[in-house]
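Data block below; observations after.
Just so you know, all these numbers are worked out from the coordinates, no wet-lab data involved. Everything numeric in this text was worked out from a predicted model, so none of it was measured. Here the Cβ positions follow ideal geometry from the backbone for every residue, glycine too, while neighbour counts run over all protein chains shown.
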Amino acid sequence: MILRVVLFLILNFSALAIGGFFTGAGVPSEWYIELNKAPWTPPGWVFGAAWTSIMICYSIFMAFLWDKISNKRWLLTLYTFQWILNVSWNPAFFYAHQVALGLLLISSLTLLIAYFFFGNIEKLKWKIIFVLPYLVWLLIATSLNGYILIYN
């Protein structure tokens, strides 16, 4: 179990690192600063703290889920798709300024994480709580992306 948590931590934090590389100067950029952002947009430091907590919890969730799923290939396929969607949002949004594509990517990611949550409640019982921060954060992030698309 510990080894799986560590493996998922490495994979998940590598996704954050790659995404962060593409975010780069995106947050302090003139393009982002001048966007009309949602009134509920949290301060910048919240994003780093949230993603750190989320990826720790998500790594624990995946390690628990690994023990409960018989079709490991399907789980790895879904996990890989999640990883790609997570990494892809940053370059689409901050690097290419493709807000609509960003919304499509983050909406797809949100639906996938919702599937992880709702599709595994019976298997994981109380341990499902470890994917809940990811789902809640994605709902907020999707609303922020949607607001930017609509009001800019």
(Q) I'd like the Karplus ³J(HN,Hα) series for region 110-121: coefficients 6.51, -1.76, 1.60, θ = phi - 60°, whole numbers in Hz, and an x wherever there's a Gly or Pro. (A) 4, 4, 5, 5, 4, 4, 4, 5, 6, x, 10, 4
Q) Gain in length, residue 31 to residue 136, computed as 0.36 nm per residue apart minus the alpha-carbon separation, to one decimal in nm? A) 35.1 nm
Q) Taking Cα pairs under 8 Å and at least six residues apart, what relative contact order does the chain come out at, in percent? A) 34
Q: Give the cross-link partners of residue 68 among the aspartates and glutamates, using a straight C-alpha distance below 12 Å as the criterion and excluding same-chain residues fewer than 8 apart.
A: 122
Q. Spin-label point model (7 Å from Cα, Cβ direction): what's the residue 98 to residue 52 distance in nm?
A. 3.1
Q) When the Cα atoms of the chain are enclosed in a convex hull and the volume is divided per residue, what value in Å³ results? A) 103
Q: Find out how many positive minus negative residues lie around residue 74, taking Lys and Arg as positive, Asp and Glu as negative, among other residues whose Cβ is under 14 Å from that of residue 74.
A: +4
Q: For the chain, give the magnitude of the charge dipole about the Cα centre (Cβ charges: +1 Lys/Arg, -1 Asp/Glu; no others), in debye to the nearest 20.
A: 600
